[in-house]
Amino acid sequence: MSILKVSRLGHPVLRNQARHLSREQLASGPIQTLIDNMIETMVEYTGVGLAAPQVHESLSLAVIESQSPRGEIPLTVLVNPSLTVLDETPLEDWEGCLSIPEMRGRVPRFSKLKVEALDRFGKPLSIVAEGFFARVIQHELDHLAGHVYIDRMAGFQTLTHFAEFQRYWIPQ
């Protein structure tokens, strides 16, 4: 497995609509290797999610996993995901992104949703998620649609470098 180069804000791949994968493409060795490498890259950079456009592949594919105090999420691979909002109540919370390093901002997200996708083996997957899991899914699906979290911010008053986030924004 390999650690992949992460695309940064400004690279065109982050602003493109990702293309869907067929079941045949998904089953191929190169795509299965890409999934393994995405998981390894996400872990290496201490992320909780990674979308294929973030590693320079404009494919509708994301990996998610978290053992963070914000919420535990089992390893989840989403292929060609679609989202249905189940609760439109917006919840604002902090987000960061491997493609926008060293920055954080408060982003409103829906509190509960259902995502339907294929798993890494091409089997249908349906997940109802809320809270932190719902936030991470929305963040990664935004990447598949050519968006980043700063596009969702209500304003830039909370956009902050990570060191200042730790110093001024985290309750002590």
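Observations, loosely collected:
- Take the chain with all the other protein chains still there, run a 1.4 Å probe, and you get 53 Å² of accessible area per residue.
- The chain has equivalent-ellipsoid semi-axes of 25, 18, 15 Å, by the square roots of 5 times the alpha carbon gyration tensor eigenvalues, sorted largest first.
- FRET efficiency estimate (nearest 0.05) - Cβ-Cβ, residue 151 to residue 36, R0 25 angstrom: 0.25
- The angle separating the long axis of helix 131-144 from the principal Cα axis of greatest extent in the chain is about 60 degrees.
- Carbon and sulfur %, accessible surface of the range 54-172 computed with the full protein complex present, 1.4 Å: 53
- Per-residue SASA entry for residue 56, accessible area with 1.4 Å probe, Å² rounded to 10: 70
- Between 75, 98, 144, the GNM of the chain built on Cα springs shorter than 10 angstrom shows 75 fluctuating the most.
- Cα centroid separation, the range 28-76 to the range 124-172 (Å): 16
- Most mobile of 154, 52, 145 in a GNM of the chain (Cα contacts under 10 Å): 154
- Solvent-accessible surface (1.4 angstrom probe) belonging to residue 110, in square angstrom, nearest 10: 80
- Note: relative contact order over the range 18-172, using C-alpha pairs below 8 Å and six or more positions apart, is 22 percent.
- For the chain, the longest principal axis of the C-alpha atoms and the axis of helix 29-44 are separated by about 20°.
- In a fully extended conformation the segment linking residue 11 and residue 70 would gain 18.3 nm over its present Cα-Cα distance, using 0.36 nm per residue.
- If you take all other residues with their beta carbon under 12 Å from the beta carbon of residue 48, and give Lys and Arg +1 and Asp and Glu -1, the sum is -2.
- Segment residue 82-residue 164, length gained on full extension (0.36 nm per residue, minus Cα span): 26.0 nm
- Using a Gaussian network model of the chain in which every pair of alpha carbons under 10 angstrom is joined by a spring, one finds that among 90, 108, 81 the greatest mean-square fluctuation is at 90.
The values are calculated or read from the model by the stated rules, or taken from the named source; none is laboratory data. None of these values were measured; they are calculated from a predicted model. When we count neighbours, we look across all protein chains shown, and the Cβ atoms used for this are built from the backbone with ideal geometry, even at glycine. Each accessible area value is taken on the protein alone, full model and side chains, heavy atoms only, with ligands, DNA and RNA left out. Shrake-Rupley method; radii C 1.70, N 1.55, O 1.52, S 1.80 Å.
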